[in-house]
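Throughout, read-outs are computed from the coordinates displayed, never taken from laboratory work. It should be emphasised that the depicted structure is a prediction, and the values quoted were computed from it without experimental measurement. Cβ sites come from the backbone with ideal geometry, for glycine too, and all protein chains shown count toward neighbours.
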Number of protein chains: 2
Amino acid sequence: MTTPTTHTTMHRAAALLSIGDELTLGQSLDTNSRWLSARLVDLGIAPVEHATVPDDLGVMVAAIRRLASGSDVVMLTGGLGPTADDLTRAALAEATGDHLIEDAEALAHLERWYAGRGRPMPRTNLVQAQRPSRARCLPNPNGTAPGLAATLTVGARTVDVFALPGPPREMTPMFETWVVPSLRPDPSRAVRTRLLRVFGLGESDAAERLGPLMDRDRDPMVGTTASVGIVTIRMRAERAGNAEQAERALDETETLVRAALGRHIVGAPDLPEAVLERLRERNETVAVAESCTGGMLAASITDRPGASSVFAGGFLTYSNAAKSALLGVPEALFAPEGPGAVSAECAIAMARGCLERAVFGSGAHERVTHALSVTGIAGPDGGSEDKPVGTVWIARASRDGSSIARRFHFAGGRGAVRDWSVRAALSMLWAKLSDTDDLTLLRELERVER
Amino acid sequence: MTTPTTHTTMHRAAALLSIGDELTLGQSLDTNSRWLSARLVDLGIAPVEHATVPDDLGVMVAAIRRLASGSDVVMLTGGLGPTADDLTRAALAEATGDHLIEDAEALAHLERWYAGRGRPMPRTNLVQAQRPSRARCLPNPNGTAPGLAATLTVGARTVDVFALPGPPREMTPMFETWVVPSLRPDPSRAVRTRLLRVFGLGESDAAERLGPLMDRDRDPMVGTTASVGIVTIRMRAERAGNAEQAERALDETETLVRAALGRHIVGAPDLPEAVLERLRERNETVAVAESCTGGMLAASITDRPGASSVFAGGFLTYSNAAKSALLGVPEALFAPEGPGAVSAECAIAMARGCLERAVFGSGAHERVTHALSVTGIAGPDGGSEDKPVGTVWIARASRDGSSIARRFHFAGGRGAVRDWSVRAALSMLWAKLSDTDDLTLLRELERVER
C-alpha cells in the first residue's frame with residue numbers, strides 16, 4: 001500500500017456524485033452509487049451522501065465543490081465518454097482551478113485499443129486522452145475512457161476526487177485496482193456494520209420485538225428496512241477504538257437481536273439464497289414450471305453461485321400447448337367449460353408434471369425433490385371479471401407426495417405481479433423446507449393481495 | 001384538476017431526495033428516483049438533481065432546505081416507516097418550521113388496515129399517523145404509511161414538498177393519485193424529450209455520424225448514452241413557446257438523426273423489445289434452451305407485454321442429464337473424451353432439440369420458427385484452463401434449416417457473464433431477423449470479449 005506523503009488527510013467520509021442527463025431524466029438507473037457505497041463501508045469509510053446531476057458544466061462544478069466541502073473523498077462516475085455531452089474532465093479541471101492537457105500515455109492506450117480491434121479510432125475519442133494538468137489518469141483495460149485522480153483544496157483540507165467511467169464493468173475494476181490503494185481509512189475510527197435478515201415478520205412486528213435495541217442513540221445502532229418479504233436488520237458500530245472493539249460490540253448486539261427474533265432469522269441475504277441454503281442443508285433439489293413468470297423464478301435461483309447443486313432446471317410453458325406437451329397438463333383443463341390455465345387444477349398439474357419429468361445430475365437421471373409452478377395473468381391484457389390481471393396460482397409438489405396450490409391477487413402492473421409471484425413461489429417452498437405452517441410465513445405476502 | 005389558490009408558483013424544476021441508511025450504505029438500490037424523474041419529464045417538469053442522505057435528522061433537514069432553494073417542488077421518498085429510524089415526518093416538520101400532530105383520519109386508516117387483516121396494530125405504527133400541523137396526509141391504500149404534502153418558504157417563493165413512502169408499490173400509486181393533480185407544470189415552457197435507439201454502432205461511431213447535431217448549444221439538444229449494446233440518442237427541446245412548437249423542433253431533429261444513423265435505428269427501447277418487434281412484423285416465433293443463463297433469457301423476453309404472441313417458452317436444462325432428457329443432446333457429448341456441455345456441438349444440439357420440441361399456440365401444437373440456446377460457465381466455479389469462467393457458447397437454429405453457433409468470452413463475474421450472454425443471444429436472433437451480417441451487428445459485443 002502506497003501512502004502519498006504530500007497530503008495525509010484521513011478518508012473518513014465519502015461523497016458520491018453520479019453524472020448524466022440519462023440519470024436525472026430517469027432514462028437510466030444508477031447502480032454505481034450502491035456498489036461504491038457498499039465497497040466504501042467495507043473499507044471503513046462512511047458514505048455520507050449520493051448526488052446525481054445532469055450533464056451541465058456549471059452544475060457539475062458546483063456539486064463537486066459542495067460535496068468536497070462535506071467529505072474527505074469524492075467519487076464521480078460518468079461523463080468520461082467521447083461525446084460532447086461528456087463534461088466530467090472539464091468540470092474536474094474547473095472545480096480544481098486547473099486546465100486540460102493531453103496525456104501521452106492515455107492517447108497511446110486509445111490508439112492501441114482501436115488498433116487491437118482493427119478499427120480506425122474515431123476522432124471524437126481524442127478528448128478521452130485529456131486530463132487536468134495536475135491530475136493523473138487511471139488506466140482502463142475495459143474501455144476507452146481513462147479515470148482521473150485529482151485533489152481539491154477546501155480551506156486547510158485537501159480532498160481527493162476520483163472520476164470513474166459510468167459503465168459498471170469499467171468502473172468496478174478501476175475502483176479495485178486504482179482507487180482502493182489510494183484510500184486512507186482512519187485506522188483509529190473503526191466503522192463496522194452487520195446485517196441479519198428476517199423472514200415471516202413485518203417490519204413493525206420486528207421493531208416491537210427489538211424494542212429499546214432500536215433507540216436512535218444506542219451504540220451499536222440498530223435499524224430496519226423492509227423489502228419484498230424480507231426485513232433487514234442493520235447493526236452499525238461507529239466509534240473511536242480499534243476494529244476488534246467494534247466487532248465485539250456488534251457480537252453482543254447480534255446476540256440480543258437473535259434472541260428477540262428467533263427462528264425468523266435467515267442466514268441468507270434474500271429469499272432465493274435462503275431457499276438454496278435450506279435445500280443444501282437438506283440435500284434436496286428443485287425444478288420449476290413457469291408460465292406468467294416466464295423464466296424469472298429460475299433466473300432468481302440461478303443468479304446465485306452454486307445453484308447447480310440443488311437446481312435441476314425446468315420448463316417454460318408460456319402457451320397452453322406447451323403446458324400439455326411438455327408437462328402433461330390434461331388438454332381438457334383448457335376446454336371452454338374447463339377451469340383454464342389460471343386455476344388450482346392447472347397449477348397442480350404443472351407442478352406434478354414438472355416433478356415427474358425434470359431430471360437432475362450429470363450421469364444417472366435423478367428425480368427432483370420439489371417442483372414449483374406458477375400460472376397467472378401478469379397483464380396488462382388477458383384479465384377477465386373472474387380472473388382479473390394479477391390473479392396468480394402457485395403450486396408446489398414434492399416427492400413425499402404432498403402438494404399445495406394457492407391463489408394470489410397481486411396489484412401494481414406486470415413487473416410487480418411477476419416479482420411478487422417469484423417471491424410467493426419461493427416462500428411456499430421455504431415454508432415446506434422449514435417444516436412449518438404456510439400461513440404464518442406467507443402472512444407478509446398477504447399485504448399485497450387485493 | 002384542482003389548482004390551489006394560496007400559491008401559484010409554477011413547477012418548472014424538481015429535486016428528488018431519497019432517504020435511508022440502507023441507501024447511503026449501499027444495502028439497497030434506489031429505483032424511485034429514476035421512476036419519479038421519468039414521470040416528471042413526461043409531465044413537463046425538469047428534474048434538476050437527485051440526492052440521497054442517511055437517516056440523520058440534521059442532514060435530512062439541511063438537504064430538504066438546500067434542494068428547495070434550487071427547485072420549485074421537492075419529492076422525498078423513504079423514512080415514513082414505523083420504526084425509530086424513520087425520521088422524514090420529523091425532518092419535514094423541522095424544515096418547514098412546524099411541529100408534529102396526530103392526524104385522526106390517518107389513525108383511522110391504520111386501525112382499519114390492521115382490523116382488515118385480523119391483526120392487532122403494533123404500538124410502533126402509531127407514529128405513522130403523525131404529520132406536521134400545516135401539512136396534509138396523502139392516503140396510502142397499499143401500506144400503512146400515509147404520504148405528506150407540505151410547503152416551504154424560500155425567500156419570496158413557496159416550494160411544494162411531497163413525502164412519499166419508500167416501497168415502489170406504495171410510492172408509485174400515491175404519486176399518480178395524489179401528487180400528479182397537485183403539480184403545476186409551466187404551460188408556456190414546454191419541455192419535450194424524445195429517444196431513438198441505435199444497435200450495432202458504438203457510441204463514438206454514432207457521435208461521428210451525428211456530427212454538429214451534438215453541439216452543446218444546439219436546440220433541440222442531442223445527447224447519447226451507451227448501455228449493453230444499445231446506444232440511446234436523447235433529443236430534448238426546452239424552450240419558451242407551446243408544446244406544439246417543441247414537438248415540431250423535435251420532428252426536424254429526429255429526421256436529421258434518422259438520416260445520419262439509418263438502418264441502425266431500432267424502434268424499441270432495448271434489445272428484447274427490438275427482437276419482439278421484428279418477430280411480430282415477420283409473424284415468427286421463438287423458443288429458448290438455457291443452461292448458464294438459467295431463465296434470464298426467457299425472463300428478458302417475457303418481461304414485455306404481448307410476448308406471448310411470439311414467445312413459445314422453452315427448456316431450462318441446467319444439468320447435463322436435463323440437456324439429454326429434455327432436448328435430446330447426445331450423452332456422448334458429455335463423455336470424458338467428448339467436447340462437453342460448453343461446446344459448439346452442445347449449443348447446436350440444444351438449439352435444434354429446442355426447435356423440434358418446443359410448441360406454440362393454444363390449440364394445435366404449432367412449431368416455432370427459431371430457437372436460441374446458451375451454454376457456458378458463468379462462474380465463479382467451474383472454469384478450466386481450456387474453458388475459463390466467462391466462456392459461453394450461443395447457438396441459433398431456425399425452421400429454414402440454418403443454424404449458427406458462436407463462442408464468447410465475457411469478463412466481469414457471474415452476473416455480467418449472464419447479462420452479456422442474454423444480450424449476445426438476442427443479438428444473434430436480431431441479426432437473423434434483420435437478414436443481415438452477424439459480424440457487423442455483433443461488433444459492439446466484441447468489446448467485452450477477452
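Once the convex hull of the alpha carbons of the protein assembly as shown is built, what does its volume come to per residue, in cubic angstrom?
174
Note down, for region A:13-134, the three equivalent ellipsoid semi-axes (square root of 5 times each alpha carbon gyration tensor eigenvalue), biggest first, whole angstrom.
27, 17, 15
If amide H atoms are built 1.01 Å from N in the plane of the peptide, which residues on other chains or at least 5 residues away come under 5 Å of the amide H of A:Ala289?
For A:Ala289, whose amide H was placed from the backbone, the distant partners under 5 Å are A:Phe315, A:Leu372, A:Ser373, A:Val374.
Quickly estimate the mean residue ellipticity at 222 nm for chain B, helices only: each DSSP H run with n ≥ 4 gives -39500 (n - 2.57), and the total goes over all residues, rounded to 500.
Helices in chain B give a 222 nm mean residue ellipticity of -10000 deg cm²/dmol.
Packing-wise, with mean Cβ within 10 Å as the measure, how do B:215-226, A:284-295, B:147-158 rank, highest first?
A:284-295, B:215-226, B:147-158
Going by average Cβ neighbours within 10 Å, how do the peptides A:370-382, B:409-421 rank, with the highest at the top?
Highest mean packing first, the order is A:370-382, B:409-421.
Copy-to-copy spacing for A:Ala62, label 7 Å out on the Cα-to-C-beta vector, in nm, shortest first?
1.8
In degrees, nearest 10, range 0 to 90: what is the angle between the Cα axis of helix A:32-42 and the longest Cα principal axis of chain A?
80
Given R₀ = 60 Å, FRET efficiency for B:Ile101-B:Ala259 by Cβ-Cβ distance, to 0.05?
Using R0 = 60 Å, I get an efficiency of 0.45.
Based on the inverse mean of 1/r over its pairs of different Cα atoms, what is the Kirkwood hydrodynamic radius of region A:193-286, in Å?
Taking the inverse mean of 1/r over all distinct Cα pairs, region A:193-286 comes out at 14.1 Å.
Given R₀ = 60 Å, FRET efficiency for A:Glu331-B:Asp219 by Cβ-Cβ distance, to 0.05?
E between A:Glu331 and B:Asp219, to the nearest 0.05, is 0.50.
Which of A:Ala243, A:Thr253, A:Leu201 sits farthest toward the positive end of the charge dipole of region A:189-266, with +1 on the Cβ of Lys and Arg and -1 on the Cβ of Asp and Glu?
The residue sitting farthest along the positive end of the dipole is A:Ala243.
Name the chain A residue nearest the rotation axis between A and B, going by Cβ position, and give the distance in whole Å.
A:Gly295, 2
Is there a simple number for the mean count of other chain Cβ atoms within 10 Å of the Cβ of residues in B:14-24, and what is it?
Taking all residues of B:14-24 together, the mean is 4.
Tell me, what is a quarter of the convex hull surface for the C-alpha atoms of chain B, in nm² with one decimal?
27.3
Once both labels are modelled 7 Å past Cα along the beta-carbon direction, what's the A:Arg119-B:Thr31 spacing in nm?
It works out to 3.2 nm between the two label points.
Say the cut-off is 30 Å between C-alpha atoms; which of B:Lys323/B:Lys387; A:Lys387/B:Lys432; A:Lys387/A:Lys432 go over it?
A:Lys387/B:Lys432
Per-residue counts of other Cβ atoms within 10 Å, averaged by peptide: what ranking do you get for B:135-144, A:270-279, highest first?
A:270-279, B:135-144
What's the average, rounded to a whole number, of partner chain beta-carbon atoms within 10 Å of each residue's beta-carbon in B:46-55?
6
Out of the DSSP beta bridges found with both residues in region B:186-334, what percent are antiparallel (nearest 5)?
So the antiparallel bridges in region B:186-334 amount to around 75 percent.
How many partner chain Cβ atoms sit within 10 Å of a residue's Cβ in peptide A:300-307, on average, as a whole number?
5
Shape verdict for region B:159-208, please, from the Cα gyration tensor: rounded (a/c under 1.5), prolate (a/b greater than b/c) or oblate.
Oblate, since a/c reaches 1.5 and b/c is not below a/b.
How far, in nm to one decimal, is A:Glu244 from itself in the other copies if the label point is set 7 angstrom along Cα toward Cβ? Shortest first, please.
Relative to the other copies, A:Glu244 has label-point distances of 7.8 nm.
If you take the square roots of the eigenvalues of the alpha-carbon gyration tensor of region B:271-448 and sort them as a ≥ b ≥ c, do you get rounded (a/c under 1.5), prolate (a/b over b/c) or oblate?
Since a/c reaches 1.5 but b/c is at least a/b, the shape of region B:271-448 is classed as oblate.
Just rank B:Leu250, A:Leu316, fewest to most, by other beta-carbon atoms within 10 angstrom.
Listing B:Leu250, A:Leu316 from fewest to most nearby Cβ atoms yields B:Leu250, A:Leu316.
How far is B:Ala335 from the same spot in each other copy, in nm, shortest first, if each label point sits 7 Å from Cα toward Cβ?
In nanometres, ordered from closest: 4.8.
Once a ≥ b ≥ c are taken as the square roots of the eigenvalues of the Cα gyration tensor of region A:222-332, is the result rounded (a/c under 1.5), prolate (a/b larger than b/c) or oblate (a/b not larger than b/c)?
Prolate is the answer for region A:222-332, as a/c is 1.5 or above and a/b outweighs b/c.
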